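All remarks here apply to the structure that follows.
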Amino acid sequence: MQLSHESYRTRWLVLVSVWVLTAYAIFSQASIVREYLTTTGALGLRGSQVAPTPLKRPYPAFAADALVWVRHSLALIEGKDFRLRHTTIDNAPGGREVHWNSAWAWCIAGAGKLHHLFTGYPIEYSVECATLWLNPTAQLVLLILMSAWATKRGGVILGVIVAIAMAFHDRMYEGFFPSYVDHHGLLMVSVLGLMLGAVFMGGGWWKTSQTGKAMVLPESAEKARTAAIFSAFSGACGLWVSAASVIPPIALVGFAGLLATVAQGRAARAQGASFDAHVWRLWGRVGAGFSFFFYLLEYFPQHMGMRLEPNHPLHALAWLGGGELIALVSERWLSPPEHRWSNLKQFVWPALAVCAAPAVIVIGGARVFVVLDPFMSRLHNDYIQEFLPLWRTFQGFDNSTLLQVAGLGSLPLIAGIATLSYRRREAPIILWFATFAATLLIAMAIWQSRWLLNAAAVQVCLAIVVLAAWTAPLQLMVRWIAALAMVGILFVPGAYSRYAGASKQLAAKQVSPKDAAACISRDIAGALRSTQPRGEMTVLASPNASTSIGYYGRFKTLGTLYWENGAGLKAAASIFAAKSEAEAAKLIQEHQVTHIAMLMEENFIVQYYRLLNPGATDEEVKRCFGYRILYEKVVPQWLQMIPYAVPADLVSLKPVLMLFKVNFQQTMPEALFNLVKSQVAGGAIDDAEKNLDGILKQWPQFYEPWLSKGELLIARKSWPEATDAMLKGISLAAANLRPNLYGAAAKALYDQGQHAYAVRVYRAALADQPTSDLASYLAWILGTSKVDGVRNGQESLDLAQQILKAQPNTPAYLSVLSGALAELGRLQDAIDAADRALTNGRLRNDPASEVFAQRLELLKSGKPLRF
């Protein structure tokens, strides 16, 4: 299929120019995403410059898998194994198998190491930063390789179409979205190479005449065979990355080739084309060989097993047999009738090869193919978005996105079917092949939306074939105009819409609520870690929350939505669906759960219960452990509530959540008091005060509830009652705690402008356990209070002189002395004391030296100190 002929110099000059253009477009979009994610990452920091969690950067809401890839990559960097075979991020405490692609994980890790080498940032942060640029870089490299191959095979027009499609196609951009370091982009390129190679191998056909009708076929059997090698290699790479995603396209491409031969083969021969069955045999053999090689690279020798979800030798065997079957059936269909059913023994071994994997799945069941497990089957079919029908996915699209996906995205198939309807038997066989392949893949996408990316890759190839079928006999200028018009219609509008929309959003500093939710997860991770500063933690949460919260805190979790984690999902479901607190407690101890995070949105409690108990009634669901906690607020004594207030800049998201620490030693009054603190943090002040009064009535000997009562009364501006409550609580505390508690209580009152009550607390403190610091605080208020009637210069001076006897050069105490002297009218003495405070402060590099300087200047102006 040669769309253009040009000189070597012209070919590469045009192609390199397109590469530069697409590189600029790809990295410009990545820069916008970087700025957007930087804006997003600044949310929820509570005034800090950086988040306190081990991992910090936000990702788009749809990029949950990227979080897991980063954790796997960090495990490779920090561990001893060179391949991804086991993880402890979920299914705590033991972890579970991993069957993800080690090469891609090392690409992420390598990009992080390069960033670390050049910046010196911690490796965790460097890996996070590198994810932003890895995808665009990988996209550009694959774009160059794929378009260079296409140019060599079909001319620069074809190379330009492939390059622009790989840079601007909506689904390709989605697969390589900056920071979304999942394997979807790699898989789409794999299917694109698989189909593009199959198109260039003519579906097994090559032209034997120079008629225009056969123009879009390979010019020789040799070119068809080299294209078959490219197609098979591309498909094998996809098998290595994700067999479950690429086996169907491989099978359907082969089946489409067979259908095309059956439907149009005899007509193609009449048009001057020749069929070479060895092309399909070569396709199967090369695909099987590379697939087996990649299997050995990933699993040999320690990790070989009978798991058929990832790449496996049985899949290679099926590909080998499939290529042979396509060749045999096609040869016999094209042969005279008397030869079609001879020597049927030839079908035995390829049929057995194709059936081997399905037979093992039927025999082994869920042990070899986890989707057959009823729990996992219900999970995938009912609750995971990418496994739902396409029409269900469309319900979440706006009109613009729907037009892009269902409208423009379907144009190649519409054009292919229209061309076949118009030209019928005169249509080239390669168009039949490409249209069959696209129809089959789109049917799969309608069945499950996860196949939409694969279908899009095949549709790009179909668009190229339709273009070739209509323009191959025409002049070069017409072919250029038609090609540019095609890319202008199919690929450019979506790219422009993305760029314009992202730029507008960035300029307005708008952050999607779904993306901002990542900062909530990060803040929750920090809150959970604050309750246990050291040691391993295992967090129980919904599947999505487990992934995000576990990521930022680098916690172990239980249930995440990965097929290898069936045991972890069942464990999480069993805890939330437990029929009693005792049953839940036993499971929590068994899985070493330390914390629980329950978010109202996507809490997954009802889903978990129904996965374990199909057909359960609503009443049965409402009696389970998780439901009673989240909806009825029935919390067992051994769950310690963690006070949590949503960061001010994320309050608009209105998250409803409950955080717990597993604490089997917690007493009932402690449990109730932690409930009160959580209610206060959440703004439920009336409920908190009611519960607090109940605690004080039943357990008046605990000091912390009295202090909390004082804080609530301060919030209500009940100053005398607040002071009484806090002094009562302090009196019940241990002796070693009381000095700090006095200081905190007095400061709380002072910050509210209640200086007289602060003085009362400090005097009580000095009567109980006098310290120099407490005396200095009292002296400062007595000498500098802006509230008339509170100041007492002589008492302030006496206190200041007393504490300076032991520490005569302490800057803070000298500053207190200056305030007392100024209050007594001894201005020059006050200036001298303030000057000594400043001098000593600078000698000691005291951070308060600037404050001392300001006070000195105020005294020199002849004014007393008033605060």
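Quick notes on this structure:
- For the pair region 527-546 and region 108-170, the centres of their Cα atoms are 35 angstrom apart.
- Of the solvent-accessible surface of the chain, computed with a 1.4 Å probe over protein heavy atoms with every protein chain present, carbon and sulfur atoms account for 60 percent.
- Shape summary: region 632-772 maps onto an equivalent ellipsoid whose semi-axes, from the alpha-carbon gyration tensor, are 28, 19, 13 Å in decreasing order.
- Label zone at Q592, where the point sits 7 Å out along the Cα-to-Cβ direction: region 519-542 residues whose backbone N lies under 11 Å: 536-538
- Accessible surface ranking that places the most exposed of W719, W205 first, with a 1.4 angstrom probe: W719, W205
- In the chain, the calculated helix contribution to ellipticity at 222 nm averages -21500 deg cm²/dmol per residue, counting -39,500 (n - 2.57) for every DSSP H run with n ≥ 4.
- By accessible area with a 1.4 Å probe, ligands and nucleic acids excluded, highest first: order of K570, K586: K586, K570
- Area accessible to solvent at E97, 1.4 Å probe radius, in Å²: 100
- Working from label points 7 Å from Cα in the Cα-to-Cβ sense, the A848 to Y121 distance is 3.8 nm.
- For region 673-745 and region 276-292, distance of Cα centres in Å: 77
- When L838, L282 are compared by accessible area of protein heavy atoms, the largest-first order is L282, L838, using a 1.4 Å probe.
- Hydrodynamic radius (Kirkwood) for region 465-580, which is based on Cα pairs only, to one decimal in Å: 19.1
- Extension gain, I489 to K860: 0.36 nm times the residue separation minus the Cα-Cα distance gives 125.9 nm.
- Between the Cα long axis of helix 313-334 and the first principal axis of the chain there is an angle of about 30°, rounded to the nearest 10.
- Think of the chain as having a plus end and a minus end, set by charges on the Cβ of Lys, Arg, Asp and Glu; of H115, G559, V851, H115 sits farthest toward the positive end of this dipole.
- Helix 64-78 vs. the chain, principal-axis angle (Cα, 0 to 90°, nearest 10): 80
- If R0 is 22 Å, the Cβ-Cβ spacing of F300 and E78 corresponds to a FRET efficiency of close to 0.35.
- Computed over region 308-347, the percent of Cα pairs more than 12 Å apart is 63.
- Figure legend: label point modelled 7 angstrom from the Cα of W480 along Cα→Cβ; residues of region 1-45 with amide N under 20 Å from it are 2-22.
- P(r) histogram, all alpha-carbon pairs of region 401-530 included - 10 Å bins from 0, percent: 11, 29, 26, 16, 10, 6, 2, 0
- Hydrodynamic radius (Kirkwood) for region 98-214, which is based on Cα pairs only, to one decimal in Å: 16.1
- Efficiency of FRET from Cβ geometry, L21 and S335, R₀ 41 Å, rounded to 0.05: 0.25
- Cβ-placed point charges (K, R +1; D, E -1), dipole of the chain about Cα centre in debye, nearest 20: 1720
- The local environment of P301, defined by Cβ-Cβ distances under 15 Å, has a net charge of 0 under the rule Lys, Arg +1 and Asp, Glu -1.
- 0 to 90° range, to nearest 10: angle between helix 685-698 axis and the chain longest Cα axis: 60
- Binning the C-alpha pair distances of region 1-118 at 10 Å intervals from 0 yields a P(r) profile of 10, 26, 28, 20, 11, 4, 0 %, listed from the shortest bin outward.
- Computed as a quarter of the hull surface, the mean projected area of the alpha carbon convex hull for region 169-288 stands at 7.8 nm².
The values are calculated or read from the model by the stated rules, or taken from the named source; none is laboratory data. These numbers come from a predicted model, not from an experiment. Ideal geometry is used to build each Cβ from the backbone, glycine not excepted, and the neighbour counts take in all protein chains shown. To get the accessible areas, we keep the full protein, side chains included, count just its heavy atoms, and leave off ligands, DNA and RNA. Shrake-Rupley method; radii C 1.70, N 1.55, O 1.52, S 1.80 Å.
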